[in-house]
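Engineer: Below you'll find the structure I mean.
Read the figures in this text as sums done on the coordinates, not as results from a lab. Everything numeric in this text was worked out from a predicted model, so none of it was measured. Cβ coordinates were reconstructed from backbone atoms using ideal geometry, including for glycine residues, and neighbour counts include every protein chain displayed.
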Amino acid sequence: MSNQDFDVVVIGAGHNALVTAGYLAKSGLSVAVLERTAFVGGGAGTFPSPYHPGFLHEYHSQFHRNIPNLPWYEDLGLDQFGLEYIYPPVNNGMPLSDGRALIIHADPEETRKSIERFSKKDAETYVDIYHRYAEMGRNIWFVRDYSPPIPPDEEADLLKKTKMGREFLELNKNSAYDMVHELFETPALRAFYLFLFSVRGYLPVPTVENTGFSIVAMTVMGNKAMLPRGGARQLGNALGSMVIHHGGFIFPATEVAEIIIQNGRAAGVEAVDGRKFMAKKFVVSSVDPTQTFLRFVGEKHLDSGVADAIKGYKYGVSGKSFGVLFALHAAVNEAPNYTASRFDPRINQAFNTCVGYETPEDVLHHLGEVIEGKPTQDIGIQCAVPSLFDRTRAPDGKHVLIAWQFAPYSVGDLGPEEWDNMRETYLEKLVSRWVEYAPNIADNLMYKFSQTPPDTERHLINMREGDFHVGALIPSQLGYNRPIPQYSQYRGPVDKLYLTGSGTHPGGNITGAPGYNAANAIFQNENMDIWWNPPDVRKVWAEMD
Ligand SMILES: Cc1cc2nc3c(=O)[nH]c(=O)nc-3n(C[C@H](O)[C@H](O)[C@H](O)COP(=O)(O)OP(=O)(O)OC[C@H]3O[C@@H](n4cnc5c(N)ncnc54)[C@H](O)[C@@H]3O)c2cc1C
């Protein structure tokens with residue numbers, strides 16, 4: 001097998017890897033990106049219907065947030081690569097069994113009017129938080145995610161020095177659960193926030209302390225759900241085209257088996273089929289830490305403490321985090337018509353729709369069951385009808401549906417294999433739950449199919465145990481601890497090996513933040529010219545009022 005030489009070899013072609021690769025290729029380095037599947041984008045991946053032509057399904061990310069305003073979008077000129085984001089005005093909705101509906105609009109004034117129908121006090125609180133904490137959200141929350149992590153003690157010391165920092169610490173010391181109770185009186189609104197909290201995977205259970213500010217952050221930024229025209233795949237395609245435009249190479253169907261270590265440094269990688277891709281300068285891995293450290297590098301090159309720490313790195317529900325989903329994919333002859341549309345017709349136009357949770361206790365109960373390995377089926381689901389906003393997703397007059405529910409990877413003592421026995425009955429329960437709120441779905445279903453947590457792992461092997469965050473978002477694995485404290489600065493365990501992807505700070509979801517932070521860390525470490533303007537968390541926090 002012949003060798004191929006590049007300056008840099010990047011493992012995996014998810015959006016984070018492509019963001020990092022984009023900065024490298026745009027700076028003139030020859031970059032090879034190696035991807036196990038036939039597609040670029042990883043969890044930004046859209047697939048044609050297996051049953052009926054003309055329908056597009058999202059097997060991974062559906063709700064992208066605020067993407068065109070993220071720093072890498074502009075730095076990498078992504079608007080020049082055919083990417084177009086649609087920003088639904090009825091951003092989030094929650095139909096209730098009593099016939100009412102709660103809506104978070106893109107426009108905060110419209111949201112105020114919706115919440116006012118439940119509680120005038122809550123409506124005023126919402127608008128007050130939305131405006132009052134916007135700057136704090138940008139300066140502290142955003143800058144923390146878009147900078148390499150700093151040690152927790154240093155973080156606290158820095159924040160204590162300014163008025164804004166102290167106010168943040170005060171708000172954040174509560175649990176998200178206490179925070180929603182302190183701020184709002186409407187049970188449905190409290191439930192809605194806790195649902196968003198869990199979906200974003202900010203932390204394990206919402207009763208954990210030091211999660212309070214996430215509720216404020218979701219008020220400031222919680223109306224920014226959007227979707228790329230043509231499907232999430234378009235984000236991967238645009239990033240891939242951008243890398244190629246700058247001279248990079250992408251190799252699909254190339255599963256990496258090993259990092260080649262020569263004279264103590266990462267010198268290239270070997271694919272499972274024996275092809276070798278040599279890296280004159282360095283290697284970047286974007287996949288799960290377990291593969292990077294234990295499969296690609298191998299235990300013999302690791303200190304025993306490091307090998308043990310990586311063996312202890314936890315995924316998904318076994319780490320008591322909720323980035324694991326069971327999905328329903330379906331097509332219908334007409335869009336869902338909620339009973340609650342008599343109260344507010346705009347619920348039928350909501351993008352990110354929470355169905356079935358009505359009180360904070362519903363959310364906690366469900367999460368508790370998931371942790372115990374019980375697939376619950378009859379509680380809350382997250383739903384969307386992307387074809388309402390993007391007509392490329394379904395043929396004329398038809399619609400494509402997606403619904404997710406938090407689920408365990410392993411079904412109690414029966415293990416993950418049990419999902420293959422129960423997928424159809426579980427799917428039926430999920431449809432029934434949605435039909436309770438939108439009865440017309442029942443008579444209009446054209447087809448439906450399921451995606452279990454093991455299916456997710458089979459498809460993207462880095463999402464171990466189905467964990468879409470690629471590692472539980474728990475305090476011992478967040479920030480300065482992600483993936484492990486020894487290697488949280490985007491550097492791998494051998495010289496000239498760097499890390500990016502959701503296994504690094506700040507974790508999963510379509511944010512590009514790990515990819516962006518890794519680029520910053522690599523350029524700094526390699527003494528390369530940083531031609532963009534990354535925020536410096538220490539500087540921003542020191543200069544706050
Ligand atoms: C059902 C589901 C719903 C989701 N919904 C949302 C949502 O609405 N909003 C949101 O923001 N996020 C959502 N996510 C999460 C989101 O998809 C991920 O967090 C995100 O894709 C992680 O990006 P990444 O670039 O770090 O890794 P990935 O996207 O996982 O990319 C990693 C890539 O590496 C490749 N790879 C793995 N091993 C190897 C190897 N040995 N050799 C070569 N290549 C390899 C994989 O094939 C993959 O393409 C969802 C995920 C799932 C599963």
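Engineer: When the helix-only estimate is applied to the chain (DSSP H runs of n ≥ 4, each -39,500 (n - 2.57), divided by the residue count), what is the mean residue ellipticity at 222 nm, nearest 500 deg cm²/dmol?
Structural biologist: -9500 deg cm²/dmol
Engineer: Shifting gears a bit: Using only the alpha carbon atoms of the range 436-545, find the Kirkwood hydrodynamic radius as the inverse mean reciprocal pair distance, in angstroms to one decimal.
Structural biologist: 16.9 Å
Engineer: Report, to two decimal places, the Cα Rg of the range 380-478 normalised by 2.2 N^0.38 Å (N = number of residues). Intermediate results must be reported in sequence, preceding the final value.
Structural biologist: Details: Rg = 15.9 Å, N = 99, 2.2 N^0.38 = 12.6 Å.
So the Cα radius of gyration is 1.26 times the expected 2.2 N^0.38 Å.
Engineer: Give me the Kirkwood hydrodynamic radius of the range 90-218, using the inverse of the mean 1/r over all pairs of distinct Cα atoms, in Å to one decimal.
Structural biologist: Numbers: mean 1/r = 0.0644 Å⁻¹.
Result for the range 90-218, one decimal place: 15.5 Å.
Engineer: Let me ask something additional. Provide the FRET efficiency to the nearest 0.05 for the ARG342-ASP443 pair, computing r from the beta carbons and using R0 = 22 Å.
Structural biologist: Values: r = 19 Å, r/R0 = 0.86.
Computed FRET efficiency for ARG342 and ASP443 comes out at 0.70.
Engineer: When the dipole is taken about the Cα centre of the chain, and only Lys, Arg (+1) and Asp, Glu (-1) are charged at their Cβ, what size is it in debye, to the nearest 20? Walk me through the numbers on the way to the answer.
Structural biologist: Details: 49 positive and 64 negative charges, 155 e Å.
Computed charge dipole of the chain: roughly 740 debye.
Engineer: Could you sort 247-255, 402-410 so that the peptide with the highest average Cβ count within 10 Å comes first and the rest follow in order?
Structural biologist: Order by mean packing, descending: 402-410, 247-255.
Engineer: For the range 1-151, compute Rg over Rh where Rg is the Cα radius of gyration and Rh is the Kirkwood radius from the inverse mean 1/r over Cα pairs.
Structural biologist: 1.08
Engineer: Helix 163-172: angle to the longest alpha-carbon principal axis of the chain, degrees 0 to 90, nearest 10?
Structural biologist: The angle comes out near 70 degrees.
Engineer: Per residue, what volume in Å³ does the Cα convex hull of the range 425-488 take up? Could you put the intermediate results ahead of the total?
Structural biologist: On the way: hull volume 8.3 nm³, N = 64.
Once divided by residue count, the hull of the range 425-488 is 129 Å³.
Engineer: If we count every other residue with Cβ under 11 angstrom of GLY316's Cβ, Lys/Arg +1 and Asp/Glu -1, where does the sum land? Before the final figure, lay out the partial values.
Structural biologist: Numbers: positive: LYS314, LYS320, ARG464; negative: GLU457, GLU465, ASP467.
Spelling it out: positives minus negatives among the neighbours equals 0.
Engineer: Here is a follow-up. Testing the spin-label approximation: label points 7 Å from Cα along Cα→Cβ at GLU258 and LYS539. State their distance in nm.
Structural biologist: Rounded to a tenth, the inter-label distance reads 4.4 nm.
Engineer: Let me ask something else. With each label point set 7 Å from Cα along the Cα-Cβ vector, what nm distance links LEU294 and ASP98?
Structural biologist: The answer from the label model is 5.0 nm.
Engineer: What is the antiparallel percent of DSSP beta bridges lying wholly in the chain, to the nearest 5?
Structural biologist: Expressed as a percentage, antiparallel bridges in the chain total about 65.
Engineer: Could I ask something else about it? Under a cut-off of 13 Å between alpha-carbon atoms, report the aspartates and glutamates in cross-link reach of LYS311, not counting same-chain residues fewer than 8 places apart.
Structural biologist: Excluding near neighbours in sequence, the set is ASP288, GLU299, ASP303.
Engineer: Putting +1 on Lys and Arg Cβ atoms and -1 on Asp and Glu Cβ atoms, find which of TYR437, PHE406, VAL385 reaches farthest to the positive end of the dipole of the range 333-456.
Structural biologist: VAL385
Engineer: Taking a cut-off of 14 Å between Cα atoms, list the aspartates and glutamates near LYS163, but don't count ones fewer than 8 places away on the same chain.
Structural biologist: In chain and number order, the partners are GLU135, GLU543, ASP545.
Engineer: Another question about this same structure. Once the other residues with Cβ under 14 Å from the Cβ of TYR126 are scored (Lys, Arg +1; Asp, Glu -1), what is the net sum?
Structural biologist: Counting the neighbours of TYR126, the net charge comes to -2.
Engineer: A further question follows. Tally Lys and Arg at +1 and Asp and Glu at -1 over the other residues with C-beta under 11 Å from the C-beta of ASN69: what net charge comes out? Intermediate results must be reported in sequence, preceding the final value.
Structural biologist: Numbers: positive: ARG65, ARG138, LYS224; negative: GLU74.
It works out to a net charge of +2.
Engineer: If I model a spin label at ASN210 and MET528 as a point 7 Å from the Cα along the Cα→Cβ vector, what separation in nanometres do I get?
Structural biologist: Once both label points are built, they end up 3.4 nm from each other.
Engineer: Oh, and also: Over its Cα atoms, what ratio of radius of gyration to 2.2 N^0.38 Å does the chain give?
Structural biologist: 0.94
Engineer: So, one more: Helix 418-437: angle to the longest alpha-carbon principal axis of the chain, degrees 0 to 90, nearest 10?
Structural biologist: 40 degrees
Engineer: Mark the label point 7 Å from the Cα of VAL272 along Cα→Cβ and return the residues of the range 455-498 whose backbone N is within less than 18 Å of it.
Structural biologist: Answer for the range 455-498: 455-466.
Engineer: From the C-alpha coordinates alone, can you work out the Kirkwood hydrodynamic radius of the range 151-225, in Å?
Structural biologist: The answer is 12.8 Å.
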